[in-house]
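The values are calculated or read from the model by the stated rules, or taken from the named source; none is laboratory data. As the structure is a prediction and not an experimental result, all values here were calculated from the model. All Cβ positions, even for glycine, are placed from backbone atoms using ideal geometry, and neighbour counts span all protein chains on display. Each accessible area value is taken on the protein alone, full model and side chains, heavy atoms only, with ligands, DNA and RNA left out. Shrake-Rupley method; radii C 1.70, N 1.55, O 1.52, S 1.80 Å.
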Amino acid sequence: MFAKRTQWDLHSNLFSAALEAHKKKGGKLFDLTASNPTRAGFSYDEPAILAAIASPTSLEYDPHPLGLLAARTAVAGYYRPIGAAELEPGHIVLTTSTSEAYSFCFRLLCDAGDQVLAPQPSYPLLEYLATLQDVSLAPYALVYDHGWQIDFASLREAITSRTRAMVVVHPNNPTGSYLKRNELRELNRICAAHNIAIIADEVFLDFVINQSQDSVATFAANQVALTFTLSGLSKIAALPQMKIAWIAASGPAALRQGAMARLEIISDTYLSVSTPQQLATPALLQQRFTMQKQVRERVRVNLAALDDQLQGQKLCHRLKIEGGWYAVIRVPATAPDEEIAIELLEKESVLVHPGHFYDFPAPGYLVLSVVTPVDEFREGVRRILRRLAG
């Protein structure tokens, strides 16, 4: 009696079962997958945040399909210093999350059965979002050679007559790679040739670690292809509970205008973003300055600790990372990644993500969150290396 789009395998996989068993057993867990900033020991300006969501105006209901103008103006202001001076409030639609933003874009661009291209490796949630919108997701490869880059041969091979958009994650999760300007030029050429839009996920944009000078500043400044740039407070201000995100449309004026007219109707159908959150958006966006500083420092300290421990052995090494909250560790492929992760959980009480969760092309990858509290991260890494050394 259920829709085919929801026919997922609902059984626990071996990794999930092992984690549940560990929780039931109790004891300390060194969680190196932790990415919830509200539980990572950061210091929040509680008075300012609580004051922002306590406006008396929240008692009034005066909806706008694209979102309240003051909130959209604040979002446009966020982009101006990073190169998107032409972005206007009228080019922005507010959503409750980037997941909802993806769904709006898929609904805007795709009929049932149409195709969207997505990078591999990347975040596994994309597959679920596409399936729920009756969209087919097809991968194009990211390859690693002294850093990550798009395999354009695989991208071109993946394009069909039903390809409507390509997803770009900038920087990618979990590889931490920013797209370069020459890659954007090639993407724009491909989009022009095949009438394809770009959906750019920039939730980790501000968390630079070692960014190349020729990296794209923001896709919100792209004027060549029709582009939808997604982001929100969840990562930018480390406020995932506030549920404010957005779509910023750019590209040729006629296409952008047509897109915004349709997005307005899509958004008006749901009106999902709460008034208190919209009213608070300008103030909450200001929180990014203090929160990003803390997150960057945590990432810097954890990466330094990781590199220091890796120097004492020869079996594992860290892949180059340019931005974001994650590190990818190359480990001996003595077993499937899931088996290695389960062994670390059961024998060392360390939780990491196996690379296959993100569709890495081969075994031998583990993914670690580098916003984990420092002491927990250091001990977790020590245990990982001890176990892998045998």
Worksheet, complete the sentence: From the Cα centre of the range 1-34 to that of the range 77-109, the distance in Å is 33 Å
Worksheet item: Once the piece of chain linking THR160 and ASP268 is laid out straight, how much longer is it, given 0.36 nm per residue of separation minus the C-alpha distance between them?
Response: 35.7 nm
Fill in: Positive dipole terminus of the chain, leading residue within ASN302, PRO276, GLN241 (C-beta point charges)
ASN302
Response to the item:
Magnitude of the Cβ-charge dipole (Lys and Arg +1, Asp and Glu -1) of the chain about the Cα centre, nearest 20 debye, reported as 520 debye
Worksheet entry | For GLU46, solvent-accessible area (1.4 Å; no DNA, RNA or ligand), Å² | 120 Å²
Worksheet, complete the sentence: Charge dipole of the range 86-153 built from unit charges on the beta carbon (Lys, Arg +1; Asp, Glu -1), centred at mean Cα; most positive-end Cα among TYR123, ILE92, CYS110 is TYR123
Discussion item. Could you check the spin-label model distance between GLN309 and GLN286? Points 7 Å from the Cα along Cα→Cβ, value in nm.
Written reply: 4.0 nm
Worksheet entry | Answer label for semi-axes √(5λ) of the Cα gyration tensor in Å (calculated), chosen among (i) 34, 26, 21; (ii) 35, 21, 20; (iii) 45, 21, 20 | (i)
Worksheet, complete the sentence: Quick note, the range 165-230: a/c under 1.5 would make it rounded; otherwise a/b > b/c is prolate and the rest oblate (a ≥ b ≥ c, C-alpha gyration tensor); here it is prolate
Worksheet entry | Probe 1.4 Å, all protein chains present, accessible-area order of LEU108, LEU271, LEU344, largest first | LEU271, LEU108, LEU344
